[in-house]
1. What is the extension gain from Arg206 to Lys243, computed as 0.36 nm multiplied by their sequence separation minus the C-alpha to C-alpha distance, in nm to one decimal?
2. State the extension gain, in nm to one decimal, for the chain segment bounded by Lys171 and Asn215, taking 0.36 nm per residue of separation less the distance between their alpha-carbons.
3. At most 14 other Cβ atoms within 10 Å and a DSSP loop assignment: could you name the trypsin sites (Lys or Arg not before Pro) in the range 136-196 that fit?
4. Loop sites only, by DSSP: take the GluC sites (Glu not before Pro) in the chain that have at most 14 other C-beta atoms within 10 Å and name the longest stretch containing none of them.
5. Note the listed values (i) 11; (ii) 31; (iii) 22, then indicate which one is percent of Cα pairs over 35 Å apart calculated from this particular structure.
6. Return the calculated 222 nm mean residue ellipticity for the chain, to the nearest 500 deg cm²/dmol, obtained by summing -39500 (n - 2.57) across DSSP H runs with n ≥ 4 and dividing by the residue count.
7. Treating the beta-carbon of each Lys and Arg as +1 and of each Asp and Glu as -1, no other charges, what is the dipole magnitude of the range 152-213 about its Cα centre, to the nearest 20 debye?
8. As an exercise, identify the trypsin sites (Lys or Arg not before Pro) in the range 54-100 lying in DSSP coil whose Cβ has no more than 11 other Cβ atoms within 10 Å.
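What follows draws every value from the coordinates through simple rules; no lab data is involved. Given the structure is predicted, the values throughout are model-derived calculations rather than measurements. As a convention, Cβ positions derive from the backbone with ideal geometry for all residues, glycine included, and neighbour counts pool all protein chains shown.
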Amino acid sequence: MMTHKFDSGVASQESQYEFPYHYIPILEDGNFSQHLYWSWGINYLSGLDLVYSSLSKEKFNSLVDMGCGDGRFLFGLEKRIKNKDLLGVDTSQVAIDIAKAMSPMVSYKCFDICSVTQPLEKFDIATLIEVLEHIPIKEVDNFVMSIANYLKPSGKLILTVPHTNKPVTSKHYQHFDSKSLQKCLSPFFEIETMEFFEKKSRIFNRIINPILRNNLFILNNKFLLNTIFKYYRKYLLTCNEDKCGRILFIARKK
């Protein structure tokens, strides 16, 4: 009986290690904090949900996430779909180690896709989530060709990139509009659909964002957080190109 209780407790504790919560509270320079906050969180999660929604309409058995980073996209995808061959690839061993720890049911590998001319495995779908802008401009053509090499005939590429409506940050080499992105992909892919999202909004900048991010309080009410998230998804996610911050493209390998 005691063994059963112990085993149950171990299982409960093990499930909590899905996220390293012991690292949340910190005391730094005499300042105590027990919360983490990412100002782009609502934008990022909504963008991921947009990709998940697109994938739900596709028939596939295998998917490779190029530039998977710490695995956040595949972490969410694995919870939504089962019995699929999922692989995350990145050149950062640190990111891959985190991805393996956070989603051990997914396969991850650390290597440069451009260094492999004949992949041992090819996939139905490749995803490229907020990655292409991090590739040096002179290397983009080779990078896109390498992605195509990892796809089966008529395989699909689903990607998101920041739009030129947003200024290029220090981490990025370039941003894209619909024409420049089509030109970039056209040697290897045929565009099927495009969607513009992350709408510019004074309401978000002047009201919603200050509620979520300020120095006085942390909004922790589930009803209010869910209300804000639903409002953002309904009114501020998708839009026309002239008001968007990011683009989602679905393209088929030629």
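1. Extending this stretch completely gives an extra 11.7 nm.
2. In short, 13.2 nm is gained.
3. Numbers: sites: Lys138, Lys156, Lys171, Lys179, Lys183; in loops: Lys171.
Answer in residue order: Lys171.
4. Values: sites that count: Glu18, Glu58, Glu121.
It runs 122-254.
5. Matching entry in (i) 11; (ii) 31; (iii) 22: (iii).
6. Calculated mean residue ellipticity at 222 nm is -9500 deg cm²/dmol.
7. 340
8. Passing both the DSSP loop test and the Cβ count: Lys57, Lys59, Lys82.
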